[in-house]
Amino acid sequence: MLKTLIDHFVQWCYYSKDYAFIRDTPYGVPSVQSLHLAGITMLLGTMLVLNLRLLGVGFRRLELPFLAEQLWPWVKAGMALTIVSGILVFLPDPTRYAHNGPFRIKMSLLCVSLLYQFLVFRRVIRTVPEASSRGRNVALSAMSLCLWFGVAWSGRAIAFFQ
């Protein structure tokens with residue numbers, strides 16, 4: 001049932017006239033992929049800064065809740081740009097992505113990363129982490145970085161596995 005639904009969605013995406021301008025123009029896909037990379041860079045850069053501060057490496061003069069408040073709009077903008085452009089990269093050639101192992105891993109990691117970001121990490125960085133144990137902060141940061149960079153690395157692997 002789910003496979004049939006996914007197959008119908010993939011066929012609709014591929015044959016849709018709405019996305020032909022991306023698929024059929026020489027600069028459509030490269031332009032959207034460039035936006036996707038800009039969003040990834042914004043997202044991973046801000047997450048790296050927040051995680052390094054959580055670890056007590058860099059930006060020590062700034063309280064983490066203050067830094068998080070300043071960077072949160074950039075995190076959201078990076079997420080939004082990455083997700084919207086990622087959908088636009090997917091839609092012109094859905095068959096290629098739907099049957100690609102690294103793409104499936106990327107989507108799974110993305111879901112887990114978003115849940116972790118909003119349910120765990122965001123709550124922690126809004127408090128004063130110095131009151132928490134160092135081991136807890138290291139574990140939270142390691143998990144966050146592994147998830148986000150796992151999304152990026154599996155996305156990069158899409159090009160190498162068909």
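Laid out as a table, the results:
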| quantity | calculated |
| --- | --- |
| With Cα atoms, 0 to 90° folded angle of helix 101-116 axis to the chain main axis | 40 |
| Relative contact order of the chain, pairs being alpha-carbon contacts under 8 Å that are 6 or more residues apart, as % | 32 |
| Label-point separation, Arg123 to Phe66 (7 Å along Cα→Cβ), nm | 2.6 |
| Least to most buried among Cys146, Cys13, Cys111 (fewest other Cβ within 10 Å first) | Cys111, Cys146, Cys13 |
| Ordering of 36-42, 50-56, 98-104 by packing [mean C-beta count within 10 Å, highest first] | 50-56, 36-42, 98-104 |
| Folded to 0 to 90 degrees: helix 28-55 orientation relative to the chain principal axis, Cα | 20 |
| Residues Phe66, Phe149, sorted so that the one with the fewest Cβ neighbours within 10 Å comes first | Phe66, Phe149 |
| His99/Ala142 FRET efficiency (R0 25 Å; Cβ-Cβ; nearest 0.05) | 0.20 |
| Structure-derived semi-axes √(5λ) of the Cα gyration tensor in Å: which label, when the choices are [x] 35, 17, 12; [y] 33, 19, 15; [z] 23, 17, 15 | [x] |
| Cα-based helix-to-principal-axis angle, 134-157 vs the chain, degrees rounded to 10 | 20 |
| Highest-MSF residue in the chain out of Lys17, Lys106, Lys76 [GNM, Cα springs under 10 Å] | Lys17 |
| GNM flexibility winner over the chain from Tyr19, Tyr27, Tyr116 (Cα, springs under 10 Å) | Tyr27 |
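Just so you know, all these numbers are worked out from the coordinates, no wet-lab data involved. Bear in mind the structure is a predicted one, so any value in this text is a computation, not a measurement. Don't worry about glycine lacking a Cβ; one is built from the backbone with ideal geometry, like all the others, and counts go over all protein chains shown.
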